[in-house]
1. Considering each of Ala166, Ala135, Ala120 in turn, give the residue that is surrounded by 23 or more Cβ atoms within 10 Å (Cβ to Cβ), over 16 Å from Val275 (Cα atoms), within 16 Å of ligand 2 (Cβ to nearest atom) and not polar (S, T, N, Q).
2. What are the residues in the range 123-132 that are in contact (Cβ under 8 Å) with a residue 24 or more places away in the chain and open to solvent by 40 Å² or more (accessible area, probe 1.4 Å), if any?
3. Which residue out of Asp237, Asp306 is acidic (Asp, Glu), buried (at least 18 other Cβ atoms within 10 Å of the Cβ) and away from ligand 2 (no atom under 16 Å from the Cβ)?
4. One residue is enough: does the range 246-269 have a residue meeting the conditions under 21 Å from the mean Cα position of the chain (by Cα), within 15 Å of ligand 1 (Cβ to nearest atom), buried (at least 17 other Cβ atoms within 10 Å of the Cβ) and under 26 Å from Glu38 (Cα atoms)?
5. More than 14 Å from the chain's Cα centre (by Cα), near ligand 1 (Cβ under 10 Å from one of its atoms) and among the charged types (D, E, K, R): does that describe Lys172?
6. Given Lys227, Lys219, which one is open to solvent by 40 Å² or more (accessible area, probe 1.4 Å), over 30 Å from Thr264 (Cα atoms), part of a helix (DSSP H, G or I) and in contact with a Ser or Thr (Cβ under 6 Å, 6 or more places away or on another chain)?
7. What about Val222, is it touching a Phe, Trp or Tyr at 6+ places or on another chain (Cβ under 7 Å), modelled with pLDDT of 95 or more and within 16 Å of ligand 1 (Cβ to nearest atom)?
8. Give the residue that is nearest to the chain's Cα centre (by Cα), with candidates limited to residues of the range 175-189 that are in a helix (DSSP H, G or I) and more than 10 Å from ligand 1 (Cβ to nearest atom).
Amino acid sequence: MKSEPLVLGIETSCDETAVGIVRGRTLLANVIASSVEEHARFGGVVPEVASRAHLEAMQQIITQALQESKVHATDLDAIAVTAGPGLIGALLVGISAANAMALALDKPLYGVNHLSAHVAVDFLTHSEERSPSIALLVSGGHSSILKVDDVTGEISSLGKTIDDAAGEAFDKSAKLLGLGYPGGPAISRLAEFGDPNAYQLPRPMLHSKNLDFSFSGLKTAVLTLVKKHQTNLCEQDKADIARAFVDAIVEVLVAKCLAALKQTGMKRLVIAGGVGANAQLRASLNAAAAKKRFEVFYPELALCTDNGAMIAF
Ligand code: KG4
Ligand code: ZN
């Protein structure tokens with residue numbers, strides 16, 4: 001019997017140079033180099049800097065993934081690479097590397113949709129079937145609600161952000177509060193110390209009757225609060241603003257997930273993308289799942305953010 005396919009996946013859509021190797025549903029290696037520190041002083045990813053960092057890291061990350069998985073390149077059955085969406089210059093570095101490998105090894109090359117990969121990665125760590133399901137994909141570059149009929153095939157979009165992505169809203173609001181980049185984890189930690197009654201921020205598109213999101217207004221609301229305090233913004237004010245921001249964004253994300261489940265009659269929700277690591281979002285979703293009787297699944301934290309294993313899988 002032929003063993004399950006051995007696939008190497010390359011991901012370079014944003015600031016992570018990542019290579020993963022899987023055999024079927026078994027994860028053999030997941031190596032990631034991030035250029036996040038090089039972007040920190042700009043408060044966001046600089047495409048040109050990301051592309052150059054990919055170019056420098058690519059070969060070493062491939063070698064390391066092969067070593068960790070104890071796989072010889074000639075044993076690979078296929079090469080997979082993120083084809084988009086993403087920063088075009090950054091994508092080109094990964095695609096060129098994948099092309100070269102496929103050509104040199106005479107193996108098939110697969111272009112993979114980054115969003116589908118984020119959703120599919122959940123299936124890497126368990127064997128039971130979780131589709132059909134609704135997937136909430138929230139990261140620095142995208143925010144979507146997807147209908148996943150079959151994770152290896154049909155994935156359709158039910159709603160998406162009309163402006164900033166959820167992670168972008170986290171990052172930009174964190175920057176306004178003087179927190180480092182990426183701001184998601186920092187603003188989330190700070191919010192734990194905030195008073196939930198200190199400020200009330202808008203819940204954009206909460207009652208829009210569709211499954212789209214809008215987060216740029218939320219970021220502007222944070223800016224207005226920060227400006228109001230001018231130079232005397234103390235640590236407690238920052239925590240209170242962080243709390244108001246997190247409460248607002250989480251409420252909208254959860255409400256849209258519930259609406260998508262209701263609209264489709266589905267009972268399973270899969271959370272994907274970097275913002276899926278958010279503790280407040282998880283707590284709120286878990287509470288809703290218990291109350292409304294649906295199941296919610298989170299890929300392992302290390303597989304939530306951009307990685308090569310999700311592309312390979
Ligand atoms: O999926 P990902 O690694 O890359 C993209 O495809 O964008 O997501 C990165 C995003 C960043 O915006 C980061 O601030 C956010 O995910 N993020 C978080 C948390 N951890 C990462 N946002 C909120 N809370 C977190 N704990
Ligand atoms: Zn991503």
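1. Details: Ala166 fails: over 16 Å from Val275 (Cα atoms); Ala135 fails: over 16 Å from Val275 (Cα atoms).
The unique qualifying residue is Ala120.
2. Hits for the range 123-132 are Thr125, Ser127, Pro132.
3. On the way: Asp306 fails: away from ligand 2 (no atom under 16 Å from the Cβ).
Being acidic (Asp, Glu), buried (at least 18 other Cβ atoms within 10 Å of the Cβ) and away from ligand 2 (no atom under 16 Å from the Cβ) holds for just one of Asp237, Asp306, which is Asp237.
4. No: the range 246-269 contains no residue that is under 21 Å from the mean Cα position of the chain (by Cα), within 15 Å of ligand 1 (Cβ to nearest atom), buried (at least 17 other Cβ atoms within 10 Å of the Cβ) and under 26 Å from Glu38 (Cα atoms).
5. Numbers: more than 14 Å from the chain's Cα centre (by Cα): yes; near ligand 1 (Cβ under 10 Å from one of its atoms): yes; among the charged types (D, E, K, R): yes.
Considered against the rule, which asks whether it is more than 14 Å from the chain's Cα centre (by Cα), near ligand 1 (Cβ under 10 Å from one of its atoms) and among the charged types (D, E, K, R), Lys172 comes out as yes.
6. On the way: Lys227 fails: in contact with a Ser or Thr (Cβ under 6 Å, 6 or more places away or on another chain).
Only one candidate qualifies: Lys219.
7. Working: touching a Phe, Trp or Tyr at 6+ places or on another chain (Cβ under 7 Å): yes; modelled with pLDDT of 95 or more: yes; within 16 Å of ligand 1 (Cβ to nearest atom): yes.
Criteria met by Val222.
8. If we filter the range 175-189 for residues that are in a helix (DSSP H, G or I), which is where we start, we get 175-176, 183-189.
Now restrict to residues that are more than 10 Å from ligand 1 (Cβ to nearest atom): 175-176.
Numbers: Lys175: 19, Leu176: 22 Å.
Looking at the filtered set, the residue picked out is Lys175.
The values are calculated or read from the model by the stated rules, or taken from the named source; none is laboratory data. Everything numeric in this text was worked out from a predicted model, so none of it was measured. Note that we place each Cβ from the backbone using ideal geometry, even for glycine, and neighbour counts take in every protein chain shown. The protein model used for the area step is the full one, side chains on, heavy atoms only, and it has no ligands, DNA or RNA in it. Shrake-Rupley method; radii C 1.70, N 1.55, O 1.52, S 1.80 Å.
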